[in-house]
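The values are calculated or read from the model by the stated rules, or taken from the named source; none is laboratory data. Fair warning: this is a prediction, and the values are worked out from it, not measured in the lab. Because the Cβ atoms are built from the backbone with ideal geometry, glycine has one as well, and the counts that use them run over all protein chains shown. With ligands, DNA and RNA removed, areas are computed over all heavy atoms of the protein, side chains included. Shrake-Rupley method; radii C 1.70, N 1.55, O 1.52, S 1.80 Å.
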Amino acid sequence: MSSSPYTSPLLSLPGAVAAESPDAGVAAHYGDLFREQRALSRGEGFVDLSHRAVVTVTGEDRLTWLHLLLTQHVSELPPGHATEALILSAKGHIEHALYLVDDGSTTWAHVEPGSVEALLAYLESMKFFYRVEVADRTTDFAVVLLPAGSIVKAPADTMARETAEGRELFLPRGELTTFAEANGPAAGVLAAEALRVEHHRPRPGRETDHRTIPHEVGWLETAVHLDKGCYRGQETVARVHNLGKPPRRLVFLHLDGSEVTIPEHGDPVRLAADGPEGRQLGFVTTAARHHELGPIALALVKRNVPADAPLLAGTTPAAQEPIVEP
């Protein structure tokens, strides 16, 4: 896509309210957040994620080459098998998360909005003598999420990632409006984010900052293969896994439902016993209003915070459930 701000054509649908960063360009909701969440939970509708970037890797060395760069074991990735992987810094900090699938001749990935330029620069710098071609296909393909249980048939020859949370389609961008007309109702990204928080799924730039390592947010289980080496940052992954524990841990928060507002990304987390002026022990990463659970959030806190301690998320009382064990 061009460098000008992206605007999805589906923002013209009735009731659409535009999302804010990092999801600017698509709809936050279409007038009824809880109705949209309930529809997704029943396997109905879809979510427009067309603001996400799409990258492809082709060439006969693509899987061997990606295997050397990513935290995941992908050298024998079967066609159609969805996986996710990270790119780390030399010190083991998370730089990119890639949501991958291979079709037998092309590896497809979608990544966070605004991250594709830095990602492609890194990938291009690592090509060396490998027979691979890397391309930004964001202008050609739009990501669309069909929830788990959806019976919608993807258009012919559309590549898809099938996961426990649903199918992510790499839909030809010119077919987005026609797809929406045939397969509504549309749900906004706020509904998808609420379900993501419910399922404890981290997201780059929300649950991560410049020093996050995979162990802190639960990505060790889903995006890191512990029996492979030879990737940047692997030494940190192995050392923390084998010899210690990460300095922080991701927690799930049940927020006090009597509050009018919910915390924002970056709001401090403190022990409730210390009050709102107490020492900051972490920060809220994502907060959401859930159609069944009420207000909920994810937060990154210091590892030594007692797992049963009542917390304050901003000024909102919160009860925690561990995601990453102390």
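Taking just the alpha-carbon atoms of region 198-300, what radius of gyration and Dmax come out, in angstrom?
Using the Cα atoms of region 198-300, the pair Rg, Dmax is 15.7, 50 Å.
Per residue, how much accessible surface does the chain expose to a 1.4 Å probe? Answer in Å², no decimals. List each step's numbers first, then the result.
Working: 14580 Å² over 326 residues.
Solvent-accessible surface per residue comes out at 45 Å².
What full-extension length gain, to one decimal in nm, is calculated for T139 and E20 as 0.36 nm per residue of separation minus the Cα-Cα distance?
Numbers: separation 119, 0.36 × 119 = 42.84 nm, distance 2.10 nm.
Gain on extension, T139 to E20, equals 40.7 nm.
With no solvent and one equal point scatterer per Cα, compute the Debye intensity ratio I(q)/I(0) for the chain at 0.08, 0.11 Å⁻¹ and report its log10, rounded to two decimals.
Rounded to two decimals, the profile gives -0.38, -0.73.
Taking the Cα centre of the chain as the origin, how large is its charge dipole in debye, to the nearest 20, when only Lys and Arg (+1) and Asp and Glu (-1) carry charge on their Cβ atoms? Kindly include the intermediate steps, with their values, before the conclusion.
Numbers: 29 positive and 43 negative charges, 129 e Å.
Approximately 620 debye in magnitude.
Just to be sure I understand the model, the point goes 7 Å from the Cα along the line to the Cβ. What's the resulting A319 to D209 distance in nm?
Computed distance between label sites A319 and D209 equals 2.8 nm.
Pairs of alpha-carbon atoms within less than 8 angstrom and 6+ residues apart define the contacts here; what relative contact order does region 252-303 have, in percent?
Details: 90 pairs, mean separation 21.3, N = 52.
After rounding, I find 41 percent.
What FRET efficiency comes out for the pair R38/Q280, r = Cβ-Cβ distance, R0 = 51 Å, nearest 0.05?
Details: r = 36 Å, r/R0 = 0.70.
My answer for the efficiency is 0.90.
Can you compute the helix-only [θ] at 222 nm over the chain? Use -39500 (n - 2.57) per DSSP H run of at least 4 residues, normalise by all residues, nearest 500 deg cm²/dmol. Mind showing how you got there, number by number?
Details: 7 runs with 59 residues, N = 326.
Rounded to the nearest 500, the figure is -5000 deg cm²/dmol.
How long is the gain from T178 to E124 if the chain were fully straight, where each residue apart is worth 0.36 nm and the alpha carbon distance is subtracted? Spell out each step's value before the answer.
Details: separation 54, 0.36 × 54 = 19.44 nm, distance 3.49 nm.
So the chain would gain 16.0 nm between T178 and E124.
How high is the relative contact order of region 130-233, in percent, with contacts defined as C-alpha pairs under 8 Å that are six or more residues apart? Show your work: numbers first, answer last.
On the way: 69 pairs, mean separation 18.8, N = 104.
Over region 130-233, the number comes to 18 percent.
Mind checking which aspartates and glutamates have their Cα closer than 17 Å to the Cα of K91? Skip sequence neighbours fewer than 8 apart in that chain.
D209, E216, E235
Run the numbers for Y6 and C230: contour at 0.36 nm per residue of separation, minus the present Cα-Cα distance, in nm. Intermediate values should be presented prior to the final figure.
On the way: separation 224, 0.36 × 224 = 80.64 nm, distance 3.71 nm.
Gain in length upon complete extension: 76.9 nm.
Would you tally the net charge around V57, using a Cβ to Cβ cut-off of less than 13 Å, leaving V57 out, and scoring K and R as +1, D and E as -1? Walk me through the intermediate numbers first.
Numbers: positive: R62, K127, R131, R137; negative: E60, D61, D102, D103, E124, E133, D136.
The answer is -3.
GluC sites (Glu not before Pro) within region 26-74: which are DSSP loop residues with at most 11 other Cβ atoms inside 10 Å? Don't skip to the end; give the middle numbers.
Working: sites: E36, E44, E60; in loops: E44, E60.
Answer by residue number: E60.
How high is the relative contact order of region 209-317, in percent, with contacts defined as C-alpha pairs under 8 Å that are six or more residues apart? Write down the numbers at each step before the final one.
Values: 178 pairs, mean separation 31.0, N = 109.
Relative contact order, region 209-317: 28 percent.
Between A90 and H265, what is the FRET efficiency for a Förster distance of 25 Å, r being their Cβ-Cβ separation, to the nearest 0.05?
On the way: r = 27 Å, r/R0 = 1.08.
Result of the calculation: an efficiency of 0.40.
Among the aspartates and glutamates, which fall within straight-line cross-link reach of K127, defined as a Cα-Cα distance under 14 Å, with same-chain neighbours fewer than 8 residues apart omitted?
Straight-distance partners of K127: E60, D61.
Computing the accessible area with a 1.4 Å probe over protein heavy atoms, can you report the carbon and sulfur percentage for the chain? Each step should come with its number before you reach the end.
Details: 7660 of 14580 Å².
Of all accessible area on the chain, carbon and sulfur atoms account for 53 percent.
When the Cα centres of region 182-204 and region 246-300 are compared, how far apart do they sit, in Å?
19 Å
What percent of all Cα-Cα pairs in region 25-103 falls into each 5 Å bin, going from 0 up to the bin containing the maximum distance?
Percent of pairs per bin, in order: 3, 12, 18, 16, 13, 13, 12, 9, 4, 0.
Would you mind pulling out the separation of the Cα centroids of region 31-101 and region 209-224, in Å?
Region 31-101 and region 209-224 have Cα centres separated by 15 Å.
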